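Single-structure report; data block below.
Nothing in this text is a laboratory measurement; each read-out follows from the coordinates by a stated rule. The model shown is predicted, which means the values in this text are computed figures rather than measured ones. FYI the Cβ positions are ideal-geometry reconstructions off the backbone, even for glycines, and counts take in every protein chain you see.
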Amino acid sequence: MQFFGGSEISPSPPVPTASGNNAHMMYVFNRNGVCLLYKEWNRPLHTLNPQQDHKLMFGLLFSSNPSPPKWTPPSK
């Protein structure tokens with residue numbers, strides 16, 4: 001990918017050299033639950049098909065939406 005400066009930049013982050021099983025995934029959903037963007041880095045296991053994975057992640061985010069106001073302390 002080339003930007004304004006003319007330098008070539010890789011769109012994916014470098015692979016970590018330290019030992020560890022860190023998987024990084026980025027999801028972008030619209031309000032209807034349709035996955036608009038999905039990107040993954042260093043994911044060692046692919047256990048689900050992509051549609052099932054997106055459906056479960058959206059369900060997790062949608063169900064946890066009302067929880068943060070319950071966790072915040074009351075304002076004075």
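Kirkwood Rh, Cα Rg: Rg to Rh for the range 23-63?
With Rh from the inverse mean 1/r over Cα pairs, Rg/Rh is 0.95.
Sorted by packing (mean other beta-carbon atoms within 10 Å per residue), highest first, where do 25-33, 44-52 land?
With the highest mean Cβ count within 10 Å placed first, the list reads 25-33, 44-52.
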